[in-house]
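> Quick one: structure below, then a few questions.
The values are calculated or read from the model by the stated rules, or taken from the named source; none is laboratory data. Just so we're clear, the structure is a prediction, and the values are computed from it rather than from any experiment. As a convention, Cβ positions derive from the backbone with ideal geometry for all residues, glycine included, and neighbour counts pool all protein chains shown. Surface accessibility is based on the protein's heavy atoms, side chains included, excluding ligands, DNA and RNA. Shrake-Rupley method; radii C 1.70, N 1.55, O 1.52, S 1.80 Å.
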Amino acid sequence: EGDLALVSGVPNFAQALSFRVTVEKRELGFHPEYGCWVRSLLGDIGGAPSARLAAFYVKSALEEDPRVQTVESCSAQLDGDRVRVQATVIPLSGPAADLSLVV
């Protein structure tokens, strides 16, 4: 009936993790530790070292979520003003979540 829909389970978990990655650290005044540093790499020339750093930032941010048991895999690719992220995250309970997003 409206424009909004509730999500639960794996889609909710994946959505929450996507938000964590796309919000820059210190962007939220009352929650300065929430977020990810990956946006600081936007516009970087790229290359393998920058991609590894982006993946490290994303993996670290995902592991900070209290519902995450482990990050099974995480990769990132810098493309000018975008970072493409792929990750598989294992929650404390339930099935794994596959993330594929562009920051």
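> Can you find a residue in the range 34-54 that is at pLDDT 95 or above, assigned to a loop (DSSP other than H, G, I, E, B), aromatic (F, W, Y) and open to solvent by 30 Å² or more (accessible area, probe 1.4 Å)?
yes
> S73: over 21 Å from E27 (Cβ atoms) and without any contact (Cβ under 8 Å) to a residue 40 or more places away in the chain, yes or no?
Working: over 21 Å from E27 (Cβ atoms): yes; without any contact (Cβ under 8 Å) to a residue 40 or more places away in the chain: yes.
When the stated conditions are applied, S73 passes them.
> Is the range 23-33 home to any residue that is in contact (Cβ under 8 Å) with a residue 40 or more places away in the chain and among the hydrophobic types (A, V, I, L, M, F, W, C)? Steps first, please.
Our first condition is that a residue be in contact (Cβ under 8 Å) with a residue 40 or more places away in the chain; within the range 23-33, this holds for none.
Checked the range 23-33: no residue is in contact (Cβ under 8 Å) with a residue 40 or more places away in the chain and among the hydrophobic types (A, V, I, L, M, F, W, C).
> Does D65 satisfy the condition of being part of a loop (DSSP other than H, G, I, E, B) and open to solvent by less than 60 Å² (accessible area, probe 1.4 Å)? Walk me through how you get there before you give the answer.
Numbers: part of a loop (DSSP other than H, G, I, E, B): yes; open to solvent by less than 60 Å² (accessible area, probe 1.4 Å): yes.
Yes: the conditions hold for D65.
> Which pairs do you get when a residue that is in contact (Cβ under 8 Å) with a residue 40 or more places away in the chain, found in the range 41-53, comes within reach of a residue that is acidic (D, E), reach meaning Cβ atoms under 6 angstrom, with the pair 6+ apart or on two chains?
Once the first residue is in contact (Cβ under 8 Å) with a residue 40 or more places away in the chain and sits in the range 41-53, its partners that are acidic (D, E) give L42/D81.
> Considering the range 79-103 alone, what residues qualify as being in a strand (DSSP E or B), surrounded by fewer than 13 Cβ atoms within 10 Å (Cβ to Cβ) and without any contact (Cβ under 8 Å) to a residue 24 or more places away in the chain?
Residues of the range 79-103 in a strand (DSSP E or B): 79, 82-91, 97-102.
So of that shortlist, the ones also surrounded by fewer than 13 Cβ atoms within 10 Å (Cβ to Cβ) come out as 79, 82, 100, 102.
Hits for the range 79-103 are S100, V102.
> Moving to a separate point now. In this structure, does V21 turn out to be out of contact with any Phe, Trp or Tyr (no Cβ under 8 Å at 6 or more places or on another chain), open to solvent by less than 60 Å² (accessible area, probe 1.4 Å), within 13 Å of L101 (Cβ to Cβ) and of a type in the set (A, V, I, L, M)?
Values: out of contact with any Phe, Trp or Tyr (no Cβ under 8 Å at 6 or more places or on another chain): yes; open to solvent by less than 60 Å² (accessible area, probe 1.4 Å): yes; within 13 Å of L101 (Cβ to Cβ): yes; of a type in the set (A, V, I, L, M): yes.
Here the answer is yes, as V21 does meet what is asked.
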